[in-house]
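Colleague: I'd like to ask some things about the structure below.
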Amino acid sequence: MKEILALVVILAGFVLLSGCVHEENTGTLILQITDKTSDLNITQALVTISNIEVHLSAGGTSENETNNTSAGWYTVVETPQTFDLIEIKDVKEFLGSANLTAGWYTQIRLHVDKALVTIDGVEYNLTIPSKTVKLIKPFQIKNNQTTTLILDFDAQKSIHKTGNNKFIMQPTITITQE
């Protein structure tokens, strides 16, 4: 765990240093992931996220802003990463970062390749409908500034038993901005 935290600190430092050179009208987005404490008897909840995208709004946020010609989806993470949601309880884990066009973003999409849960020592597959988690929480990237969002999974509210030892994950995620 200490090695992971050291790697996160090193990566965050690199991101901050590389962010010192900005293109005009861009800002940096940093995503972190954590999990609230759960009362379930879950010893492991592995989630593999293969891709994360954010959506830049076409319209401005006030009357004196013009339409954004760069509107659309932008990739923040495109390398699969596996997180144990139980292991990262109350710990912020680096998820990814990107320099993005300044403006208002309206949605985050997490593409999940695989999810497993271990309950009472037995591992089960977790079914995630559509394998895509859509988070609708507007946030703003400001020119030459860094925006940090924390995606806080709540394992207790996310994992449901559907019968015959089948489990479904309907992720309950809170997004906070630092």
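Colleague: Expressed in nm to one decimal, what extension gain is obtained for the pair Thr43 and Gln177 from 0.36 nm per residue of sequence separation less their Cα-Cα distance?
Modeller: Numbers: separation 134, 0.36 × 134 = 48.24 nm, distance 2.83 nm.
Stretched fully, the Thr43-Gln177 segment lengthens by 45.4 nm.
Colleague: Right, here's the next one. Holding the Cα-Cα limit at 21 Å, pick out from Lys134/Lys166; Lys114/Lys157; Lys137/Lys161; Lys114/Lys134; Lys92/Lys131; Lys89/Lys157 the pairs that are longer than that.
Modeller: Lys134/Lys166; Lys137/Lys161; Lys92/Lys131, as the Cα separations exceed 21 Å there.
Colleague: Can you tell me the length gained on complete extension of the stretch Glu123 to Thr162, counting 0.36 nm per residue apart and subtracting the Cα distance?
Modeller: Taking Glu123 through Thr162 to full extension adds about 12.5 nm, to one decimal.
Colleague: Using unit Cβ charges (K, R positive; D, E negative) and no other charged atoms, how large, in debye to the nearest 20, is the dipole of segment 84-178 about its Cα centre?
Modeller: 460 debye
Colleague: Along the Cα→Cβ direction, 7 angstrom out, place labels at Gln145 and Asp113. What is the inter-label distance in nm?
Modeller: Distance between the two pseudo-spin positions: 3.6 nm.
Colleague: Okay, next question. So for the pair Ser130, Asn25, with labels modelled 7 Å out along Cα→Cβ, what separation do we get in nm?
Modeller: For the pair Ser130/Asn25, the computed spacing is 3.0 nm.
Colleague: Could you work out the relative contact order of segment 70-160, using alpha carbon pairs under 8 angstrom and six or more residues apart, expressed as a whole percent? Present the calculation step by step, with values, prior to reporting the outcome.
Modeller: On the way: 76 pairs, mean separation 26.5, N = 91.
Contact order relative to length: 29 percent.
Colleague: Place a label point 7 angstrom from the Cα of Thr106 along the Cα-to-Cβ direction, then list the residues of segment 118-157 whose backbone nitrogen is under 16 Å away.
Modeller: Only 134-141 pass the distance filter.
Values in this text are rule-based calculations from the coordinates and carry no lab data. Quick caveat, the model's predicted, so the values are computed rather than measured. Note that each Cβ is placed from the backbone with ideal geometry, even for glycine, and that neighbours are counted across all protein chains shown.
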